[in-house]
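Notes to accompany the following structure.
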Amino acid sequence: MLKKTSHFLREANLIGGEWVQADSGQTIDVTNPANGQKIGVVPKSGAAETRRAIEAAHEAFKTFRKTTALERSKMLRKLHDAIMDNQDALAELLTMEQGKSLTESKGEIGASAAYILWFAEEARRTYGDVVPSPWADRRILVTKEPVGVIAAITPWNFPSSMLSRKIGPAIAAGCTSVIKPASQTPYSGLAWGALCEEVGIPKGVVNVVTGAASEIGKELSTNPLVKKITFTGSTEVGKILIQQSALTVKKVSMELGGNAPFLVFDDADIDRAVEGAIAAKYRNSGQTCVCTNRFFVQSGIYDAFVDKLAKASNKLKVGPGLEVGVQQGPLIDEKAVEKVEEFVADAKSKGGKVVAGGNRHQLGGSFFEPTVIADATPEMKFMKEEIFGPVAPVFRFEKEEEAVEMANDTEFGLACYFYTGDLGRAFRVMEGLKYGMVGVNEGIITTPEAPFGGVKESGLGREGGRQGIEDYLDTKYVCIGGLGL
Ligand code: NAP
């Protein structure tokens, strides 16, 4: 049934099917980054509320684990339909708290629904094995079982879809969960609680707690009732969670930071590369883990590429996400703008040439101009650090091997992109890049059917694809003996 945006704006935790406040009664303000106005509040919870949510999930698991795959698949289909029925309201809520354009928010909500549908289908395909036995009187079975209670912590940049890739496989596998959304964008996370409740997912299967990150995170990663922790966010916090989870040897899935390179060779279709570059750089105002951080362009087409990229960047319409036609919203907060300014100042001081943007946008607040910096060099900060903003540094290279080497010169390994018209080069470069995901002549590659995730310090595990449910399942080997055969 169609609901209003305000219906999903929940100012309470969901624990064991009850909407409840923090024990202390304290709250956190949630503001709209486009105008700085307060949207509402959410509970400032801590370890005690988290513990109760874990216990509720543990209790719910006792019966939820016995539901059939078909039953869970049907629940997820209903959840998918409820999301799509309310796509507009959920997208408006997302733009209000996160800032991205309404078009992008609708896309994100659509992607959330698509992940849920994918896992509705995968729920029924968690096959085990019957293995040929080396003993005549024994049989060997390998079965898959839900791991139990899982904990999910998500960032502010994709507050809806990052949860769909965790809630979807958890329900599909028969796990129950405790979710902690980012404090700047908690409503899209709480909306998952409301949606699950409305489609009849049993109480306690999905619990949502908002509040003090380190306290909640500590409880989630050390409580022995939690069997798996899945985190999307910075590498820094990911490392803390891995360490804390070691104490009770939990399964961990980590979707962490990136430093995506985007290589354009002399033989590439430049217009297609520029189109891909705009999408891979400025989506969500440059605030995605798979956003291009560094462009490497071969010298023969360098000037033409920079010129076209600058022109296309200048055309992007910047403004409040709820306004019609806006392509780039504000950055999440003032701190993010200051960080982007630091990257630009650092590049300028080392010889970088600003050929588009470069400044705060005239709209003020946390709006920033889409920016292109030519003559980038490896000494500049963005060679090693994630920009997380609308700044496109363009490096020049001569040889293929040099470009691949520079692209790999980072501790991150999430997404990368390259453009070429040469098939042999496509395979050489694809195989040479140390990344979890590669876009060849494509700038946007995320889809539920494919495994999303990184190598090196960009993470552990995969979300989506047939791999996406594996981390929510334990493998059990059963040897049946004494068969007298
Ligand atoms: P963040 O600071 O790591 O925060 C992510 C989440 O962790 C938030 O819910 C945050 O809560 C929580 N958190 C912070 N400190 C914590 C602690 N000590 N223990 C437990 N939880 C803690 O990251 P962010 O700035 O929100 O997000 C940007 C980062 O996410 C970037 O590095 C980006 O590349 C990465 N990212 C990766 C992927 C991927 O799939 N690989 C996707 C999207 C984003 P509060 O909000 O309450 O502080």
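Points worth noting:
- Of the residues examined, E145 is not one that is open to solvent by 20 Å² or more (accessible area, probe 1.4 Å), away from the ligand (no atom under 16 Å from the Cβ) and in a helix (DSSP H, G or I).
- Filter result for A280 (closer than 29 Å to M162 by Cβ, open to solvent by less than 30 Å² (accessible area, probe 1.4 Å) and in contact with a Cys (Cβ under 8 Å, 6 or more places away or on another chain)): yes
- Members of region 388-426 found to be assigned to a strand (DSSP E or B) and either more than 16 Å from the ligand (Cβ to nearest atom) or not hydrophobic (A, V, I, L, M, F, W, C) (or both), listed by number: A392, P393, V394, F395, R396, F397, Y417, F418, Y419
- Of all positions in region 101-117, at least one carries a residue that is closer than 27 Å to I15 by Cβ, assigned to a helix (DSSP H, G or I) and polar (S, T, N, Q).
- Meets criteria (open to solvent by 40 Å² or more (accessible area, probe 1.4 Å), under 35 Å from the mean Cα position of the chain (by Cα) and over 27 Å from S183 (Cα atoms)) for D129: yes
- Residue in region 293-313 that is farther than 23 Å from K106 by Cβ, modelled with pLDDT of 95 or more, under 24 Å from the mean Cα position of the chain (by Cα) and part of a loop (DSSP other than H, G, I, E, B) present: no
- Residue list for region 440-452, restricted to those being away from the ligand (no atom under 15 Å from the Cβ) and either of a type outside the set (V, I, T) or under 16 Å from the mean Cα position of the chain (by Cα) (or both): N441, E442, G443, E449
- Within region 168-204, considering residues that are part of a loop (DSSP other than H, G, I, E, B) and under 16 Å from V30 (Cβ atoms), the one farthest from the ligand (Cβ to nearest atom): T185
- Scanning region 427-448 for residues that are more than 30 Å from G110 (Cβ to Cβ) and open to solvent by less than 20 Å² (accessible area, probe 1.4 Å) yields one hit, V429.
- Residue in region 148-167 that is nearest to the ligand (Cβ to nearest atom), counting only those that are part of a strand (DSSP E or B) and over 12 Å from the mean Cα position of the chain (by Cα): A151
- Residues (open to solvent by 10 Å² or more (accessible area, probe 1.4 Å) and closer than 17 Å to A170 by Cα) located in region 186-200: E197, V199, G200
- Criterion applied to I240, I229 was being open to solvent by less than 10 Å² (accessible area, probe 1.4 Å), within 11 Å of the ligand (Cβ to nearest atom) and more than 23 Å from E108 (Cβ to Cβ), and the one residue passing it is I229.
- Close Cβ contacts (under 6 Å, 6 or more residues apart or on different chains) running from residues in region 455-481 that are within 12 Å of E122 (Cα to Cα) to residues that are of a type outside the set (A, V, I, L, M, F, W, C) and away from the ligand (no atom under 16 Å from the Cβ) comprise I469/E122.
- Of all residues making up region 397-426, the number that are surrounded by fewer than 18 Cβ atoms within 10 Å (Cβ to Cβ) and closer than 22 Å to G352 by Cα: 7
- G258 vs. criteria in contact with a Leu (Cβ under 6 Å, 6 or more places away or on another chain) and over 17 Å from Y472 (Cβ atoms): yes
- Residue under evaluation E457, criteria (1) surrounded by fewer than 23 Cβ atoms within 10 Å (Cβ to Cβ); (2) more than 16 Å from the ligand (Cβ to nearest atom); (3) modelled with pLDDT of 95 or more, criterion not met: (2)
Condition check ((1) open to solvent by 10 Å² or more (accessible area, probe 1.4 Å); (2) β-branched (V, I, T); (3) without any contact (Cβ under 8 Å) to a residue 40 or more places away in the chain) across all residues:
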| residue | (1), (2), (3) |
| --- | --- |
| R52 | yes, no, yes |
| A57 | no, no, no |
| L70 | yes, no, no |
| M75 | yes, no, no |
| H80 | yes, no, no |
| A91 | no, no, yes |
| T95 | no, yes, no |
| K100 | no, no, no |
| S105 | no, no, no |
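- Going through (1) open to solvent by 10 Å² or more (accessible area, probe 1.4 Å); (2) assigned to a helix (DSSP H, G or I) one by one, P134 falls short only on (2).
- Test: residue in region 119-129 that is among the basic types (K, R) and more than 25 Å from V30 (Cβ to Cβ): yes
- Meets criteria (under 30 Å from Q327 (Cα atoms) and crowded, with 24+ Cβ neighbours inside 10 Å) for V391: yes
- Within region 255-282, the set of residues being part of a strand (DSSP E or B) and within 8 Å of the ligand (Cβ to nearest atom) comprises E255 only.
- Checked across region 318-341, the condition of being of a type in the set (G, A, S), open to solvent by less than 10 Å² (accessible area, probe 1.4 Å), under 26 Å from E379 (Cβ atoms) and assigned to a helix (DSSP H, G or I) holds for no residue.
The values are calculated or read from the model by the stated rules, or taken from the named source; none is laboratory data. The structure displayed is predicted, hence computed values, not measured ones. Reconstructed Cβ throughout: ideal geometry from the backbone, glycine too, with neighbour counts over all protein chains shown. To get the accessible areas, we keep the full protein, side chains included, count just its heavy atoms, and leave off ligands, DNA and RNA. Shrake-Rupley method; radii C 1.70, N 1.55, O 1.52, S 1.80 Å.
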